Amino acid sequence: MKVVVQRSLQAKCYVNQKIVGESNKGLLLLVSFTEGDSWEQIQYLVQKIVHLRIFDDENGVMNKSILEIEGASILSISQFTLYANTKKGNRPSYYKALNGKEAKELYDLFNHELAKFVDVETGVFGSYMQLDFINDGPVTILLER
């Protein structure tokens with residue numbers, strides 16, 4: 001399982017030119033699954049994400065988690081391309097990305113677990129999506145388990 005965590009001031013996901021998910025100050029997550037991913041990886045990464053101290057405290061030091069930021073939320077986007085393999089040629093292969101049915105089940109479970117801690121909105125799994133966001137910092141962190 002891979003998650004790209006981006007601290008954001010604003011994030012919106014569009015499908016067919018309509019906003020389907022959005023977040024104001026908080027996190028934009030790009031989420032991908034591979035064979036063998038399970039409840040254990042989800043639990044580990046949910047805990048890591050909600051406790052990740054990447055928000056500024058009153059001294060401008062990244063010392064606060066999303067749990068300490070009033071009104072913060074998460075926009076979670078499924079992103080199978082995180083498992084792109086580019087070792088051969090110039091066209092990426094996605095054979096390491098989990099198949100759609102299983103990936104959707106894990107993605108839904110991941111978002112359900114995240115929502116126990118903070119408001120979560122999502123894109124539309126398997127759809128062509130466009131993202132519009134302001135990366136704050138910029139702060140971008142890759143988590144993998």
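The values are calculated or read from the model by the stated rules, or taken from the named source; none is laboratory data. Just so it is clear, the model here is predicted, and its values are computed rather than measured. Cβ sites come from the backbone with ideal geometry, for glycine too, and all protein chains shown count toward neighbours. Accessible surface is based on the protein model in full, side chains and every heavy atom, while ligands, DNA and RNA are left aside. Shrake-Rupley method; radii C 1.70, N 1.55, O 1.52, S 1.80 Å.
Key figures
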{"item": "Solvent exposure ordering (accessible area, 1.4 Å, most first) of 144, 22, 70", "result": "70, 144, 22"}
{"item": "Choice from 130, 79, 17 showing the highest fluctuation, given a GNM over the chain with Cα pairs closer than 10 Å", "result": "17"}
{"item": "Solvent exposure of the chain as accessible area per residue, Å², 1.4 Å probe", "result": "58 Å²"}
{"item": "Accessible carbon and sulfur surface of the chain relative to its total accessible area, %, 1.4 Å", "result": "47 percent"}
{"item": "Sum of -39500 (n - 2.57) over DSSP H runs of 4+, divided by residues of the chain (222 nm, nearest 500)", "result": "-6000 deg cm²/dmol"}
{"item": "Kirkwood Rh and Cα Rg combined as Rg/Rh, the chain", "result": "0.97"}
{"item": "Under the Karplus curve 6.51 cos²θ - 1.76 cosθ + 1.60, θ = phi - 60°, whole-Hz ³J(HN,Hα) for the range 44-51, x wherever Gly or Pro sits", "result": "4, 6, 4, 4, 4, 5, 6, 9"}
{"item": "Karplus-derived HN-Hα couplings along the range 68-85 (A = 6.51, B = -1.76, C = 1.60, θ = phi - 60°), whole Hz, x at Gly and Pro", "result": "9, 9, 4, x, 6, 8, 10, 10, 10, 10, 6, 8, 4, 5, 5, 9, 5, 10"}
{"item": "Beta bridge orientation in the chain: antiparallel %, DSSP, nearest 5", "result": "75 percent"}
{"item": "Assigned charges on the beta-carbon of Lys, Arg, Asp, Glu; the chain dipole about Cα centre (debye)", "result": "680 debye"}
{"item": "Mean separation of Cα contacts under 8 Å, 6 or more apart, over the residue count of the chain: relative contact order %", "result": "39 percent"}
